[in-house]
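Right, one structure below, let's go through it.
The values are calculated or read from the model by the stated rules, or taken from the named source; none is laboratory data. If you're wondering where the values come from, they're calculated on a predicted model, not measured in any experiment. Neighbour counts are summed over all protein chains in view; Cβ atoms, including those assigned to glycine, are modelled from backbone coordinates with ideal geometry.
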């Protein structure tokens, strides 16, 4: 210890105190707690710069906490609390609260270790791992506050921002409910068709099931289901959150300990409402916050323990204010209904997947029957997951649109756009860290992502990169695509929260409007109109299936017109074209298939040693003009992570953890979906938490991912992907089906 201290003191001759502070914090993030303590202690004794000394003491508090020396951390925290800096006092107060809780409750509940007890309920517990091990996986976002998220000024007195027209928001709310009804109707139509086919083709003549044939239109049933969901939201959604995800009641006094300003915001916003919303807390380390309910008086604002621990009082207050904005705008109602609708199939998917895992682990005298039962479990769980994904679509537009209103409301209520900027960045960092620590996506994050201000899909890659390189240039490198790509909003259609760069740019504008030094120096956001987008070859290839669909529809209408003219002039050879619905159905299949075939070469260029690169994630993200259709052959090394067992049988949750960060993987086996049903078929889920080399095609959109060509573990046979084969097969199948439909005619 003395040697290290003397060495650190000697370094002052050629390095500044700020450099030593960065070195000490970097050592701490690498998990070398003892060495970090030596560096930081030497720095606090040697420097006369009060700001540097305070930051070194804050780092020491975290180091003592990771070392398990809570008493020493508390003592130093109390010393920091006596500092004249108000920001340091707030930090010390919040950290003292966390340290006192950890002293009385040092460990979090450990998850079940047996494969059979992998229920959704247990998967939401937090593993009781050592702090040092966690820090090696990903640094603590709280430490990044010293390097990337230094607190900027807030407005002391401010003029309210101009109120936005809420009619688009309310129109989106109404459209969300209508779209939910339509999607439910489509699902019911599919179910009715499958049931009727089963009834007609039932193989046993002893039972005649044709009397059960269903002809009734399911629209009324879809409307009744939606009305039932609306009525069940006030009690049904909180019940599921408590029963499945261990939601607990959060007292107002406990929230006030972490953020007195958040409590003031609640009282100010609901002073005429007769009471504030209920509060709940999840006992998990991932920082999250959302609101749900039917009416403001019945609303529920939910936070997590990780949010209260990782964010400052001001940042918590701005996020609470944003949730108040959702409640005051009533947009939380429609998304609560959609979330409840998606929860039911999602929970069924999880339970059926766990049943499939238990069948796989069980020993049976009849392996054929066990395989059949497990295949049924896989099929049913996949059907439920598909239903969840389908219903989730109804809330995507509202989930993106409403955030712009709530961000503006939060800034207007608190006068603190910089705190909201820091809060969003810390949410991204904390969620990314949780994904790496858990080595999978939490089911809770996945099932309520429509309600979250930052979702796991958007947080994974940029958050994991910033955890490793907490410098401003790495954040700017990620945001350059969102700021300069004209198609960024068009490509975000499948994401729940909007683009982070767009939100941060708006918050920067609010800070400049009040003449505050902004947290980030970002250019103004100027989203382009869809009609003003530049038409490029890449864009045409990206939307080729949609253009093919429109082209097929236009050709069918043209042929209908020819048939109408032929009927008028008595041309019997062509009058059959008039109102032949088989033409419309057929060309609506042929059109997209042509679009798919036209873009396959751009999507999947040949992967050869000459064009296969080993780029860094930073290099891949530094191309502002990239769009997903332009596949770039890449090879990356890392650890394969994702959910285990049947829940990930179709690789729904698969990502690669490399030295630079994490990236999502999209894998399709050569045999397609049938591979998940075949015993002894190798799948990525069998290689989880192993070091692998992944080759494939890098895609850059609102999120980034790799379409996998091969996954090669260190000491096992490589898994091959089937993306090009299946893309071609689907296109050819659609074309043949369309041609067959036209030939059959209106039969």
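How many of the residues making up the range 39-53 are part of a helix (DSSP H, G or I) and surrounded by fewer than 21 Cβ atoms within 10 Å (Cβ to Cβ)? Write out each step before concluding.
At the first step, the residues of the range 39-53 found to be part of a helix (DSSP H, G or I) are 39-46, 50-53.
When the remaining residues are screened for being surrounded by fewer than 21 Cβ atoms within 10 Å (Cβ to Cβ), the result is 41, 44-46, 50-53.
Counting residues in the range 39-53 that are part of a helix (DSSP H, G or I) and surrounded by fewer than 21 Cβ atoms within 10 Å (Cβ to Cβ) gives 8.
Would it be correct to say that residue 185 is surrounded by 13 or more Cβ atoms within 10 Å (Cβ to Cβ), part of a helix (DSSP H, G or I) and modelled with pLDDT under 95? If you could, list the steps in order and put the result at the bottom.
Numbers: surrounded by 13 or more Cβ atoms within 10 Å (Cβ to Cβ): yes; part of a helix (DSSP H, G or I): yes; modelled with pLDDT under 95: no.
No.
What number of residues within the range 213-228 are farther than 17 Å from residue 345 by Cα and in contact (Cβ under 8 Å) with a residue 40 or more places away in the chain? Quick ask: steps written out before the conclusion?
Initially, the range 213-228 is screened for residues farther than 17 Å from residue 345 by Cα, giving 213-221, 223-224, 227.
With in contact (Cβ under 8 Å) with a residue 40 or more places away in the chain added as a condition, the list becomes 223.
Residues flagged as farther than 17 Å from residue 345 by Cα and in contact (Cβ under 8 Å) with a residue 40 or more places away in the chain within the range 213-228 amount to 1.
Checking the condition exposed (fewer than 15 other Cβ atoms within 10 Å of the Cβ) and modelled with pLDDT of 90 or more, which residue from 213, 245, 239 passes? Lay out the reasoning, then the answer.
Working: 213 fails: modelled with pLDDT of 90 or more; 245 fails: exposed (fewer than 15 other Cβ atoms within 10 Å of the Cβ).
The unique qualifying residue is 239.
Among the listed residues 732, 685, 694, 639, which satisfies the condition of being on the phi < 0 side of the Ramachandran plot and out of contact with any strand residue (DSSP E or B) (no Cβ under 8 Å at 6 or more places or on another chain)? I'd like the intermediate steps shown before the answer.
Values: 685 fails: out of contact with any strand residue (DSSP E or B) (no Cβ under 8 Å at 6 or more places or on another chain); 694 fails: out of contact with any strand residue (DSSP E or B) (no Cβ under 8 Å at 6 or more places or on another chain); 639 fails: out of contact with any strand residue (DSSP E or B) (no Cβ under 8 Å at 6 or more places or on another chain).
The conditions single out 732.
Residue 685: part of a helix (DSSP H, G or I) and closer than 30 Å to residue 478 by Cβ, yes or no? Give the derivation first.
Values: part of a helix (DSSP H, G or I): yes; closer than 30 Å to residue 478 by Cβ: yes.
Yes.
May I ask you to list the residues in the range 68-80 that are free of Cβ contacts under 8 Å to residues at least 60 places away in the same chain and either closer than 15 Å to residue 23 by Cα or surrounded by fewer than 24 Cβ atoms within 10 Å (Cβ to Cβ) (or both)? Explain how you work it out, then say what you get.
Looking only at the range 68-80, we keep the residues that are free of Cβ contacts under 8 Å to residues at least 60 places away in the same chain, and these are 69-80.
Passing the criteria: 69, 70, 71, 72, 74, 75, 76, 78, 79, 80.
Quick check on residue 618: is it surrounded by fewer than 16 Cβ atoms within 10 Å (Cβ to Cβ), in contact (Cβ under 8 Å) with a residue 24 or more places away in the chain and more than 30 Å from residue 555 (Cβ to Cβ)?
On the way: surrounded by fewer than 16 Cβ atoms within 10 Å (Cβ to Cβ): yes; in contact (Cβ under 8 Å) with a residue 24 or more places away in the chain: yes; more than 30 Å from residue 555 (Cβ to Cβ): yes.
Here the answer is yes, as residue 618 does meet what is asked.
Here is a check on your reading of the model: is residue 437 surrounded by fewer than 21 Cβ atoms within 10 Å (Cβ to Cβ) and touching a residue at least 60 places away in the same chain (Cβ under 8 Å)?
Numbers: surrounded by fewer than 21 Cβ atoms within 10 Å (Cβ to Cβ): yes; touching a residue at least 60 places away in the same chain (Cβ under 8 Å): yes.
So residue 437 fits the description; yes.
Criterion first (crowded, with 21+ Cβ neighbours inside 10 Å and touching a helix residue (DSSP H, G or I) at 6+ places or on another chain (Cβ under 6 Å)) does residue 304 satisfy it? Before the answer, list the steps.
Details: crowded, with 21+ Cβ neighbours inside 10 Å: yes; touching a helix residue (DSSP H, G or I) at 6+ places or on another chain (Cβ under 6 Å): no.
No; evaluated as a whole, the condition is false for this residue.
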